[in-house]
1. Out of (1) more than 19 Å from the chain's Cα centre (by Cα); (2) not in a strand (DSSP E or B), the odd one out for residue 290 is which?
2. Answer yes if at least one residue in region 273-283 is out of contact with any strand residue (DSSP E or B) (no Cβ under 8 Å at 6 or more places or on another chain), within 13 Å of residue 333 (Cα to Cα) and part of a loop (DSSP other than H, G, I, E, B), and no otherwise.
3. What number of residues in region 143-159 are at pLDDT 90 or above and in contact with a helix residue (DSSP H, G or I) (Cβ under 7 Å, 6 or more places away or on another chain)?
4. Which residue is farthest from the chain's Cα centre (by Cα), if the candidates are limited to region 142-159 and must be assigned to a loop (DSSP other than H, G, I, E, B) and under 23 Å from residue 77 (Cβ atoms)?
5. Determine which single condition residue 252 fails, assuming it passes every other condition in (1) farther than 26 Å from residue 79 by Cβ; (2) assigned to a strand (DSSP E or B); (3) in contact with a helix residue (DSSP H, G or I) (Cβ under 7 Å, 6 or more places away or on another chain).
6. Just wondering, is there one or more residues in region 223-231 that are at pLDDT 95 or above, touching a strand residue (DSSP E or B) at 6+ places or on another chain (Cβ under 9 Å) and not in a strand (DSSP E or B)?
7. For residues that are under 30 Å from residue 202 (Cβ atoms) and assigned to a strand (DSSP E or B), scanning just region 6-47, find the one that is modelled with the highest pLDDT.
8. Mind checking which residues of region 38-55 are more than 26 Å from residue 302 (Cα to Cα) and in contact (Cβ under 8 Å) with a residue 40 or more places away in the chain?
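The values are calculated or read from the model by the stated rules, or taken from the named source; none is laboratory data. Note that this is a predicted model, so its numbers are computed, not measured. Backbone-built Cβ (ideal geometry, glycine too); neighbour counts: all protein chains shown.
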């Protein structure tokens, strides 16, 4: 378990201020966290005892800013290891059982997983657009926003014919650079998922302890109702209403984050060179005030993301605070991958 809000250090009993180094895929340096004394963790209907945790000395992740809601930490292996955990993205609920009491949904598909170094892995087949088929070992990552990330493909197979350079997000140790493209098909159990947008990170010096080929993220998992059963080394998947939606990437060229006490102000953090946003003159540190006359403080970041990946050639009226004045800009989306 990782507590990302350093302000909580004063409310948790830390007896000896022992620290550890945390590494990740980002290109930044490893960072330090305090090791807590064992914690009791309670959610509605459940309490876990003597859970090991760490508290970041500095909130280097900024998860609240990128999610648009206050986030204080990440549930880790201890929460999942003795439970069956169901995640239903359609109604944003989490259900937990003792494994013996687990209720499997009808028409769900059971997929074997392995638990290695306290993380879940599954095997999947990937078919590239040129017809090449590769069996890959993927870590399941509920905290990753992408659909699929492949870490060794550039070295072993090169990039697909069509790709764009991109900032792939922020890992535990900073920004992750790489490329975006598509694979023709991702096969998980009986599911054959087509035309998947895929990240190809330029892997940093931090090599995972368990040899793997990539990372299966929320862009795939949110198309299912998911049950993770660590004790039985099983994953259950049942398609939901999002299963057949096409995979789309941002069509604006904007990267942005939330700020302010209520996280209801949206600022541009980066503009992709040559993108539609770059062409119309949007710049880093501009504040987005409204989209199509709707103020951004009335919208979630997920809703804003959906607008910016909604439709090729769609024109949006963006109101921004730029160069000390309010500007109204017509931004025309362009599919880039």
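1. Unmet condition: (2).
2. Taking region 273-283 and keeping what is out of contact with any strand residue (DSSP E or B) (no Cβ under 8 Å at 6 or more places or on another chain), we get 273-274, 279.
Checking which are within 13 Å of residue 333 (Cα to Cα) leaves us with 274, 279.
After this cut, where a residue has to be part of a loop (DSSP other than H, G, I, E, B) as well, the list is 274.
Yes; the residues of region 273-283 include at least one that is out of contact with any strand residue (DSSP E or B) (no Cβ under 8 Å at 6 or more places or on another chain), within 13 Å of residue 333 (Cα to Cα) and part of a loop (DSSP other than H, G, I, E, B).
3. Of all residues in region 143-159, those at pLDDT 90 or above come to 146-150.
Imposing the further condition that a residue be in contact with a helix residue (DSSP H, G or I) (Cβ under 7 Å, 6 or more places away or on another chain) reduces the set to 146-148.
Adding up the residues that qualify gives 3.
4. As a first pass, look at region 142-159 and keep what is assigned to a loop (DSSP other than H, G, I, E, B): 142-147, 151-152, 158-159.
Cutting the leftovers down to under 23 Å from residue 77 (Cβ atoms) gives us 142-146, 151.
Numbers: 142: 7, 143: 4, 144: 2, 145: 2, 146: 5, 151: 15 Å.
Across region 142-159, the extreme among qualifying residues is 151.
5. Going through (1) farther than 26 Å from residue 79 by Cβ; (2) assigned to a strand (DSSP E or B); (3) in contact with a helix residue (DSSP H, G or I) (Cβ under 7 Å, 6 or more places away or on another chain) one by one, residue 252 breaks only (2).
6. For region 223-231, residues at pLDDT 95 or above, touching a strand residue (DSSP E or B) at 6+ places or on another chain (Cβ under 9 Å) and not in a strand (DSSP E or B): present.
7. Let us first name the residues in region 6-47 that are under 30 Å from residue 202 (Cβ atoms), namely 6, 19-33.
Adding the requirement that they be assigned to a strand (DSSP E or B) leaves 19-22, 31-33.
Working: 19: 80, 20: 79, 21: 75, 22: 72, 31: 74, 32: 83, 33: 87.
Of everything passing the filter in region 6-47, 33 is modelled with the highest pLDDT.
8. Matches in region 38-55: 41, 45, 46, 51, 52, 53, 54, 55.
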